[in-house]
Amino acid sequence: MTELVWKTAQETGAHVARVRQAFIDEFGYEPARVFSAPGRVNLIGEHIDYNGGIVMPLALPHRTFVAISPRTDGVLRVTSTQDGSETTGIAADAIAPGAVDSWIAYVVGVPWAMRELGLLDEVTGADIAVDSDVPLGAGLSSSAALECSVALAFDALASGNDSSRQLLAATDEGRKKLATACIKAENEIAGANTGGMDQSISLRASQGSVLTIDCRDFATTKVPLDLAAAGLSLLVIDTRAPHQLNDGQYAKRRAGCDAMADAFGEKFLSSLVTDGTEVKGDVDDAVARWREIASAGEVEVPGEYTVEALLRHVLSEQLRVVETIKLFEAGEPTAGTWSKLGELLTASHASLRDDYQVTCPELDVAVDVALEAGALGARMTGGGFGGSAVALVRAGEQDAVAHAVREAFASRGFNEPHFLSATPEESAREEF
Ligand code: GLA
């Protein structure tokens, strides 16, 4: 049988050495400090962060590392070990929305946003080298991992220069502020109007736990998740179908949701069915209310797909998250817990496929085949339109499920999928 491609995370020491070396090769001197931040998978709660919903991501073992030294001339020079990327320099005062059109927007946008938000007095410049083992374009938040490691770096450099400045990364409250800056950088400098889940988990994750994030105010709760103890694992299938969040599809869904939120006069769409974890309404009622509003003709409905279907997804996904939280709150997980979780994951996928329409043939095949091969549940994860799926599988069956997906992809002429195993790891940190 052909070998499967597993993307295991690099050992930390080796990774630190690599990014330090990349820095020395490019800039000719030793970097002052090294920081890293993880990619993520979302267990459940998709496309509801920007609707004020509750999401349940976990940080991956795969991380982005940055080596950094401060400069005093206001210039940011950025290099990466990624094939084909060129070292680029930009003056800090040239960074502005619309002014940076390469991947370095995810780097230089962060100190810009920190300064805009008053988290940095000034951007004095820096040399930065980047090295990552978060698969790129796989829907696993390689961009948030980059932003968050850079945020930690500028936070640390600023506190190093000024002993009266408190290190934001030292507290969860401070990390929440850094996440806000990373979101602003991604929205305004990189031009991807994403919702904040990815930056929040990368900066605030806790090893061994999934984080529930209530995106009304980004309050978090840790939910311990020990799949190994239950003889299970979370298989990530990177479909390697091309995926981008700034190509208009994501923005269209978001515009539809914003129109509904305006029409309902409610800031948070998901509060139509829940208030946090308290269920207070049902999806059919909310959809019926929407029909009345829409038929009165007073709202402009953007996009060619039905906004009603978007609403159904957003509300039903929020209820699935609430059910998931309650499952974990019910005490020691049993076999019933895991099979119910599996059902919720699969139902989430169906809703993203049929109502929200953000899946693609590769994601649908990955999910269907994983289920046929014995997965307890499976769904796309992240923004969709390519990227990755997650499958909850019995640990002993992980390889068989992966082989079945690989064969199904080969027979359809899809790209060869890559695989990784997701365990909840640590948030962004300094490396020594
Ligand atoms: C991307 C975005 C997130 C979130 C997901 C969908 O990962 O960056 O903010 O909206 O898509 O859940």
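Scan segment 44-95 for residues that are away from the ligand (no atom under 16 Å from the Cβ), among the small types (Gly, Ala, Ser) and touching a residue at least 12 places away in the same chain (Cβ under 8 Å) and jot them down.
Matches in segment 44-95: Ala67, Ser69, Gly74, Ser80, Ser85, Gly89, Ala91, Ala92.
Cβ-Cβ below 6 Å, separation at least six or inter-chain, first residue in segment 177-201 and over 21 Å from Ala94 (Cα atoms), second of a type in the set (Gly, Ala, Ser) and surrounded by fewer than 23 Cβ atoms within 10 Å (Cβ to Cβ): which pairs?
Asn193/Ala251
Got at least one residue in segment 87-104 being open to solvent by 20 Å² or more (accessible area, probe 1.4 Å) and aromatic (Phe, Trp, Tyr)?
yes
So which of Val279, Val307 ends up being out of contact with any Lys or Arg (no Cβ under 7 Å at 6 or more places or on another chain) and either touching a residue at least 60 places away in the same chain (Cβ under 8 Å) or open to solvent by 40 Å² or more (accessible area, probe 1.4 Å) (or both)?
Val279
Which one of Ala67, Ala9 is closer than 19 Å to Ser132 by Cβ, touching a strand residue (DSSP E or B) at 6+ places or on another chain (Cβ under 6 Å) and part of a loop (DSSP other than H, G, I, E, B)?
Matching residue, one of Ala67, Ala9: Ala9.
One residue is enough: does segment 222-229 have a residue meeting the conditions part of a loop (DSSP other than H, G, I, E, B), of a type outside the set (D, E, K, R) and in contact with a Pro (Cβ under 7 Å, 6 or more places away or on another chain)?
Scanning segment 222-229 turns up at least one residue that is part of a loop (DSSP other than H, G, I, E, B), of a type outside the set (D, E, K, R) and in contact with a Pro (Cβ under 7 Å, 6 or more places away or on another chain).
So which of Leu327, Leu341 ends up being free of Cβ contacts under 8 Å to residues at least 24 places away in the same chain, within 17 Å of Arg379 (Cβ to Cβ) and open to solvent by less than 60 Å² (accessible area, probe 1.4 Å)?
Leu327
Would you check if Thr220 is within 16 Å of the ligand (Cβ to nearest atom) and touching a strand residue (DSSP E or B) at 6+ places or on another chain (Cβ under 8 Å)?
So Thr220 fits the description; yes.
Considering segment 402-416 alone, what residues qualify as being touching a helix residue (DSSP H, G or I) at 6+ places or on another chain (Cβ under 9 Å) and either assigned to a loop (DSSP other than H, G, I, E, B) or open to solvent by 40 Å² or more (accessible area, probe 1.4 Å) (or both)?
Selection gives Glu407, Arg412, Phe414, Asn415, Glu416.
Considering only segment 119-132, state which residues are touching a Ser or Thr at 6+ places or on another chain (Cβ under 8 Å), open to solvent by 10 Å² or more (accessible area, probe 1.4 Å) and part of a loop (DSSP other than H, G, I, E, B).
Thr124 - this is the single residue of segment 119-132 that is touching a Ser or Thr at 6+ places or on another chain (Cβ under 8 Å), open to solvent by 10 Å² or more (accessible area, probe 1.4 Å) and part of a loop (DSSP other than H, G, I, E, B).
Mind listing whichever residues of segment 185-196 are away from the ligand (no atom under 11 Å from the Cβ) and either surrounded by fewer than 20 Cβ atoms within 10 Å (Cβ to Cβ) or acidic (Asp, Glu) (or both)?
Once the filter is applied, which keeps residues that are away from the ligand (no atom under 11 Å from the Cβ) and either surrounded by fewer than 20 Cβ atoms within 10 Å (Cβ to Cβ) or acidic (Asp, Glu) (or both), segment 185-196 yields Glu188, Gly191.
Applying the selection to segment 198-214, what residues are of a type outside the set (Gly, Ala, Ser) and open to solvent by less than 10 Å² (accessible area, probe 1.4 Å)?
Within segment 198-214, Gln199, Ile201, Leu203, Val210, Leu211, Ile213 meet the criteria.
What is the one condition in (1) crowded, with 17+ Cβ neighbours inside 10 Å; (2) within 15 Å of the ligand (Cβ to nearest atom) that Lys176 does not satisfy?
Tallying (1) crowded, with 17+ Cβ neighbours inside 10 Å; (2) within 15 Å of the ligand (Cβ to nearest atom), Lys176 fails exactly one: (2).
Could you say which residue among Ser80, Ser85 is of a type in the set (Gly, Ala, Ser) and at pLDDT 95 or above?
Ser80
Search segment 110-123 for residues that are under 19 Å from Ser143 (Cβ atoms) and pair each with any residue that is surrounded by 23 or more Cβ atoms within 10 Å (Cβ to Cβ) and of a type in the set (Ser, Thr, Tyr) when their beta-carbon atoms are under 6 Å apart and the residues are at least 6 apart or on different chains.
Close Cβ pairs satisfying both conditions: none exist.
Report every pair of residues separated by at least 6 positions or lying on different chains whose Cβ atoms are under 6 Å apart, first residue within segment 377-402 and within 17 Å of Arg320 (Cα to Cα) and within 10 Å of the ligand (Cβ to nearest atom), second open to solvent by less than 40 Å² (accessible area, probe 1.4 Å) and among the hydroxyl-bearing types (Ser, Thr, Tyr).
What qualifies is Met380/Thr359; Thr381/Ser388.
The values are calculated or read from the model by the stated rules, or taken from the named source; none is laboratory data. The structure presented is a predicted model; accordingly, all values stated were derived computationally and were not measured. Please note: Cβ atoms are built from the backbone with ideal geometry, for glycine as well, and neighbour counts cover all protein chains shown. These accessible areas exclude ligands, DNA and RNA; they are computed on the full protein's heavy atoms, side chains included. Shrake-Rupley method; radii C 1.70, N 1.55, O 1.52, S 1.80 Å.
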